[in-house]
Every structure is written in structure tokens, then in C-alpha cells.
Amino acid sequence: MSIAALRALIAEKFPSAIPAAQRTVLPVATGIPVLDRALPNGGFPLGKLTACEPLGGATAILRAACAATIDAGDRAAWIDGALTTAGAFWTEGPLLVRPRGDRQAVAAADLLLRCGGFRLVVLAGVALADADTVRLVRAAHEGGGAFVALTAQANMAALRLEVRIDAEAWQWREDPFGGMAAARDVQLHADIRSLGWNRRVRFALPVASHELRLALDPGLVDRRGKPGASKSGNQRSRRRVNPV
């Protein structure tokens, strides 16, 4: 029996044994309707690399894509190569992997992509060498899931996405005295390029405020996502506004 015939037999007799990413040819939607309409076929392509240049707002878009993937009943994974990710979003969000260095991050991405059990794998905070890119593109093709790297140097990307924050288009909530109390939403610009495809779209994303602590207690994480990183005698609280 040929390999193709064996795969067809497995798919017919044991459909749950087929990786979730291979059960559908639909791309991975971001959950942002305006952006999905501008992407080829409505989302990130399966079995291929999407390069998302981190120019501002890219993380928010990929977090939305992870959330949409999970809401659809599939699995998503986020590899945090820079160890900067923290917050309640990750408690019930995608599988969060914190590697020790770029080599471990690439190995983790290879494993998650090749296993076929994740419909979306995001790799952030890692500078990909050419050999790494080839390795991970092959893994994505074998596993059938969508692979998105936050990088500007992916030479084998089937889709390129550049996102920028419009610094002049923040919308603010006012305090009782008419001052700017907190950001409400922000406008993003996205340039999308693929073979035979060139789109530009503008859309708004809501903004959430996150308390980012310098933690004295080893059980708490600081603003870098590391437990007990602050050893100074004073515990402080900082507030940053991020688009989500």
C-alpha cells in the first residue's frame, strides 16, 4: 500500500488521528474582520511562513489571532524568545513556551510545527538565520499549521505583514475634568504582500491597560514576565497602555 493510500485510509477510519491543522484548508483568521478581508483567502496560510514585521501593533494582532484560533476549538502556541510576555491573557490563552536562548526557541518551534497538533504557532523575539528559516518552513509544511514569525528577515515567507501604529490616531477616555484619562482605541496601518497580492488596510483596535509590577514576592511576575525580578527595597507599580 502506498503512503498516500495509507493516509487516506487513516483519514477515513480514524479521523481524530489526523492533525487538526490538516482537517481543513481554510487559513487561520486573525479575528479582526477588516484585516481578514485584506489577507489572501482571509487569513494566515497553512503550512507556510508568514513574516510579521514588529513595527508597532503586530503583537496585538497575533494575540487576537491566537484567541480566535482557540475560540474556534483549535490549538495555538506562542514561543516567547525574548521572555517579555506576561499577563492573565496567557492563563487561558495559547500554549506559552519560554525557551532559554534562540537555539531552544527554534527547536521548540520545529517540534510544535512538525507535530501537526497546533493550527497556529507564533515565534517572537528570535533572530532567524537562513538555515533556521528553511528548517521551520519544512516543519510547517509537514505539520500543516500556520507559522507566523515576528521578524523582518524571513526570506522564505509566503506572506509578509507590516503593521504600524498611527501616532496621531489615539482615542482617549476623558476624566471628570475633561482631561485624557486612558486610551480607548488606536488606529493601525497594515501593508500586506504576497505573490500576486498587495493590499493596504487601516483599522482600529481597542486598548487595554495592564498593571505591570516590579515584584518583590517570588510568586509574582514583574513587567518582563519574570518572577521576583525586583530586589530593591521598594515595590512599585507602573501602568502601561498596550493595544490588544
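Kindly list the number of the only condition in (1) assigned to a loop (DSSP other than H, G, I, E, B); (2) modelled with pLDDT under 85; (3) of a type outside the set (D, E, K, R); (4) closer than 24 Å to Arg37 by Cα that fails for Val207. It is condition (1) that Val207 fails. Looking only at residues in the stretch 27-81 that are assigned to a helix (DSSP H, G or I) and on the phi > 0 side of the Ramachandran plot, the one that is modelled with the lowest pLDDT is Asn41. For Thr133, the stated conditions hold: it is out of contact with any Phe, Trp or Tyr (no Cβ under 9 Å at 6 or more places or on another chain), hydroxyl-bearing (Ser, Thr, Tyr) and more than 17 Å from Ala82 (Cα to Cα). What are the residues in the stretch 136-162 that are closer than 22 Å to Thr84 by Cα and either among the basic types (Lys, Arg) or modelled with pLDDT of 90 or more (or both), if any? Passing the criteria: Phe147, Val148, Ala149, Leu150, Leu161, Glu162.
Within the stretch 129-144, being closer than 18 Å to Pro45 by Cβ and not charged (D, E, K, R) holds for Thr133, Val134, Leu136, Val137, Ala139, Ala140, His141, Gly143, Gly144. Of all the numbered requirements in (1) within 25 Å of Ala127 (Cα to Cα); (2) part of a loop (DSSP other than H, G, I, E, B), Glu92 misses one, and that requirement is (1). If the condition is being under 10 Å from Asp80 (Cα atoms) and touching a Pro at 6+ places or on another chain (Cβ under 7 Å), then the stretch 99-114 contributes only Ala105.
Consider Leu188 carefully, then state whether it is modelled with pLDDT of 50 or more, among the aliphatic types (A, V, I, L, M) and not in a strand (DSSP E or B).
Details: modelled with pLDDT of 50 or more: yes; among the aliphatic types (A, V, I, L, M): yes; not in a strand (DSSP E or B): no.
Criteria not met by Leu188.
The values are calculated or read from the model by the stated rules, or taken from the named source; none is laboratory data. What you are looking at is a predicted structure, and each value in this text was computed from that prediction instead of being measured. We place every Cβ from the backbone using ideal geometry, glycine too, and count neighbours over all the protein chains shown.
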